[in-house]
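Just below is one structure, and these are the notes that go with it.
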Amino acid sequence: MSSSARRPWFLGLWVAVLAPNGCGIPGSRPPAPSEITMERDIHSYARPDECRVTHIALDLDADFVGKALRGKARLTLDRAPGASSVWLDTEGLQIAAVRDGDGAALVHALSPRDAVLGSALRIDLGASNTVVIEYETKDAAALQWLEPRQTQSGKPFLFTQGQAILTRTWIPCQDTPGVRQSYDARITAPAGLRAVMSAARLDDGVATADGRIAYRFALEQPVPSYLIALAVGDLAFRPIGARTGVFAEPQVVEGAAWELADTETMVELAERLYGPYRWGRFDVLILPPSFPFGGMENPCLTFATPTILAGDRSLVALIAHELAHSWSGNLVTNSTWSDLWLNEGFTVYFERRIMEALYGVPYAEMLHVLGWQDLQSDLTAFANGPDTTLHIDVSGRNPDDAFSNVPYEKGELLLVTIERDVGRERFDTFLADYFARYAFQPMSAERFERHLRDTLFAADAGAIERLKLRQWIHSPGLPDNAIEPKSAEFARVDAERVRFESGAAVASLDVSGFTTHHWLHLLRKLPAGTSLARLAELDQRFALTATGNSEIRFEWLRIAIRERYEAAFPALEDFLVKQGRRKFLKPLYEDLVRTDWGKALARRIYDRARPGYHTVSANTIDGILAKAGA
Ligand code: BES
Ligand code: ZN
């Protein structure tokens, strides 16, 4: 990689202390693995201080008949002096053989399965710094194998979701965000299907002797394991700009390319804000509707739900969000899942800066206010409890069980608080430098606090206290210096809502120029107890039950459940069955089981819907129904 690769291992540690990433020169090389100081990650069995994976070479076959991935992972290791074994994370892998680089069998042992962590795989090493693991994975939680009837194309589909600790269910690896590796892959798939990965594409598929197609990929930038991603399906591609394009099933790709037309501009705006985009291409993959997240920032190829395809480009903040992760998250990475806010909070801040640059201040203000509302509702739901701190305690739990808006929106508010204090210009310089200096390195709350003290606040020792930074990061709830965002556009919406509440005819409401975000605000503020007749009036005039805009439909369905507006229940069932985005499913099932009449309905719908959900969503909804006794 560089001369540092030949420096003695212990000298590398000195470099980490003295000169993080080549003295913070923007665009400098990734640091050598041994230069990186590690936090202990309770969600991994890896012992990176002894031995780290630096490269993964995959050779896997996607067997759609057996619903299995099968093949080999060849891991390149960086060993500390005296270390004699490597510790990997696995979950549910069937391991057929473990060999060294010369093909000699290696002694290895799998620990008993832990419900959260899976099983440690310890491999005893000989002289070789390569291990080759032959394995198969079936029923992996990261994977969803879709039947032809679950896709637009009528062809089968496979996709992975690695974050937070699911990559170990399909690749034996050091499944901690503190360990980074480059990777390459050869994926074979049935003829007629195309494989894509979070990496550069090396070819467009080559036929194999047995009539399958082999695709090759390589990502030379080192990334944490949760960013290794694969999808296989009937995929077409449409270019957007020089570095950007969209993959989707042929039935969807044209509309998707139209919807995401601003993607290239977003990349340019992002670079202008915080420095060069360091991943080559930025393509978007539109997945089938069961994708459990809105988006996932897989490098070179963001994965996105089709529910952002509103037909009017109004939901593309999600693309800005995943793009922003190319800096916050994919370059500078939370060292453990306790500091997810360092990925997500920074990304929400960056996302809104991109949206502001693209569509203006009033637009970004609306996003801010909606985010504030999301945060308030979680702070209330968690009663300002321990999961409302930024640096959270996830011991004994799957990090996914602590997932909420808090790391996103409270994290963003902290950055806004700092920005207001030092001024935007200084803050922007600070952020650009932060991304350059810590590129390809793990970041912890402690390291970030230290960095702030040594840079932005070096000449202002009182700032940490004044801004209550420790309280922001380590205490629950929202500090009193949080700045509540305001939106003039929403003031207009509120005025119309008040008229509606005081009985004005729906036809008389002035909704001219209302965009998706105006509607979301209106619906969220519609008071509980609105009569069925008034709801029907709204519905007739604005076709809310029939809307194809997933975000508006979601807010409307929440009202329908709250008021028991049964006219919308077929649409509710349809929505719960036909898409699997957890952000939409979770509140709707929660709302249903909270009512006496809704438990049975929730159960009936869920029995139909569950087979179509990804494990990430199914696990969450299982929990909701079990807790409610539904
Ligand atoms: N990286 C997240 C998704 C994630 C977080 C997966 C934690 C697993 C664990 C992604 O960038 C994200 O935040 N997606 C959001 C969309 C965004 C616009 C807030 C989502 O999926 O809704
Ligand atoms: Zn995110």
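Please tell me the relative contact order of segment 226-317 in percent, rounded to the nearest whole number, where contacts are Cα pairs under 8 Å and at least six residues apart. Walk me through the numbers before you get to the answer.
Values: 143 pairs, mean separation 23.3, N = 92.
Taking the mean separation of contacting Cα pairs over the length of segment 226-317, I get 25 percent.
Between K627 and R149, the modelled label-to-label distance comes to 3.2 nm, taking each label 7 Å out from Cα in the direction of the beta carbon.
Viscosity 1.306 mPa s, temperature 10 °C: what is the translational diffusion coefficient of segment 23-156 from Stokes-Einstein with a Kirkwood Rh over Cα pairs, rounded to a whole number of µm²/s? Stokes-Einstein gives a translational diffusion coefficient of 94 µm²/s.
Computed from the C-beta positions of K138 and T595 and an R0 of 25 Å, the FRET efficiency is 0.05 to the nearest 0.05.
Pairs of Cα atoms nearer than 8 Å and 6+ residues apart set the relative contact order; for segment 492-628 it is 18 percent.
In percent, rounded to a whole number, the relative contact order of the chain is 11, using alpha-carbon pairs under 8 Å and six or more apart. Largest first and in whole Å, the equivalent-ellipsoid semi-axes of segment 212-362 read 22, 20, 15, each the square root of five times a Cα gyration tensor eigenvalue.
Ignoring ligands, DNA and RNA, please state the percent of accessible area on segment 33-234 from carbon and sulfur, probe 1.4 Å.
Details: 3520 of 7370 Å².
With neighbouring chains kept in place, the figure for segment 33-234 is 48 percent.
Lysine pairs in segment 492-628 whose alpha-carbon atoms fall under 23 angstrom of each other, counting only those eight or more residues apart or on distinct chains, come to 9. Residues E419, E39, sorted by accessible area with the largest first, give E39, E419 [1.4 Å probe; ligands and nucleic acids excluded]. So if I take the alpha carbon set of segment 332-474, get Rg, then get Rh from the Kirkwood formula, what is the Rg over Rh ratio? My calculation of the ratio gives 0.95.
In degrees between 0 and 90, to the nearest 10, how far off the longest principal axis of the chain does helix 598-609 point, with axes built from Cα atoms? It works out to around 50 degrees.
Per residue, how much accessible area does segment 34-76 show when a 1.4 Å probe rolls over the protein heavy atoms, in square angstrom? Before the final figure, lay out each step's value.
Values: 1720 Å² over 43 residues.
For segment 34-76, the per-residue accessible area is 40 Å².
Could you look at segment 492-628 and say what percent of its accessible area is carbon and sulfur, using a 1.4 Å probe and all protein chains? Here carbon and sulfur together make up 53 percent of the probe-accessible area. Return the lysines within reach of K72: Cα separation strictly under 28 angstrom, same-chain partners fewer than 8 residues apart disregarded; answer none if there are no such residues. Candidates past the 8-residue exclusion: K138, K155.
Per residue, the convex hull spanned by the Cα atoms of the chain amounts to 152 cubic angstrom.
From helices alone, the chain scores -11000 deg cm²/dmol at 222 nm; the rule is -39500 (n - 2.57) for each run of n ≥ 4 DSSP H residues, then divide by the residue total. For T151, the shell of other residues with beta-carbons less than 9 Å away shows a net charge of -1, using +1 for Lys and Arg and -1 for Asp and Glu. In the context of the full set of protein chains, residues of segment 147-249 present 30 Å² of accessible surface per residue (probe radius 1.4 Å, heavy atoms only).
Backbone N atoms of segment 237-254 closer than 20 Å to the 7 Å Cα→Cβ label point of R313 belong to residues 238-248, 252-254.
Classify segment 499-546: rounded, prolate or oblate, from the alpha-carbon gyration tensor (a ≥ b ≥ c, eigenvalue square roots; a/c under 1.5 rounded; otherwise prolate if a/b is larger than b/c)? Kindly include the intermediate steps, with their values, before the conclusion.
Numbers: a/c = 1.31, a/b = 1.28, b/c = 1.02.
Cα axes put segment 499-546 in the rounded bin.
If we count trypsin sites (Lys or Arg not before Pro) as exposed when they sit in a DSSP loop and have at most 13 other beta carbons within 10 Å, what is the longest stretch of the chain that avoids them all?
On the way: sites that count: R40, R113, K486, R564.
In the chain, the maximal stretch lacking such sites is 114-485.
Using a Förster radius of 45 Å, what is the FRET efficiency between E484 and R113 based on their Cβ-Cβ separation? Nearest 0.05, please.
Numbers: r = 46 Å, r/R0 = 1.03.
The pair E484/R113 has a calculated efficiency of 0.45.
Quick one: grab the alpha carbon gyration tensor of segment 492-628, order the square roots of its eigenvalues as a ≥ b ≥ c, and give me rounded if a/c is under 1.5, else prolate or oblate depending on whether a/b is larger than b/c.
Working: a/c = 2.40, a/b = 1.92, b/c = 1.25.
Taking the square roots of the gyration eigenvalues as a ≥ b ≥ c, segment 492-628 is prolate.
The calculated FRET efficiency for A491 paired with R562, based on their beta-carbon distance and R0 = 35 Å, is about 0.90. How big is the Kirkwood radius of segment 290-386, worked out from every pair of different alpha carbons and given in Å to one decimal? 14.5 Å is the Kirkwood radius here.
Taking amide H positions as modeled 1.01 Å from N, with prolines and chain starts lacking one, the residues under 5 Å from A46 and 5 or more places away or on another chain are D175.
Can you tell me the accessible area per residue over segment 402-511, all protein chains present, probe 1.4 angstrom, in square angstrom? If you can, show how the numbers build up before the last one.
Numbers: 4750 Å² over 110 residues.
Solvent-accessible surface per residue comes out at 43 Å².
So if each residue of separation counts as 0.36 nm, and I subtract the Cα-Cα distance between S377 and S531, what length gain in nm does that give? Kindly include the intermediate steps, with their values, before the conclusion.
Numbers: separation 154, 0.36 × 154 = 55.44 nm, distance 2.36 nm.
In short, 53.1 nm is gained.
Inter-label distance, A459 to D574: 6.2 nm, where each label sits 7 Å from its Cα along the C-beta direction.
Please report, as a whole percent, how much of the solvent-accessible surface of segment 332-474 comes from carbon and sulfur atoms (probe radius 1.4 Å). If you can, show how the numbers build up before the last one.
Numbers: 2540 of 5150 Å².
Ligands and nucleic acids excluded, carbon and sulfur give 49 percent.
Between the C-alpha center of segment 296-339 and that of segment 184-241 there is a gap of 20 Å.
The values are calculated or read from the model by the stated rules, or taken from the named source; none is laboratory data. These numbers were taken from a predicted model, which means no experiment stands behind them. Here Cβ is always computed from backbone atoms with ideal geometry, including for glycine, and neighbour counts include all displayed protein chains. These accessible areas exclude ligands, DNA and RNA; they are computed on the full protein's heavy atoms, side chains included. Shrake-Rupley method; radii C 1.70, N 1.55, O 1.52, S 1.80 Å.
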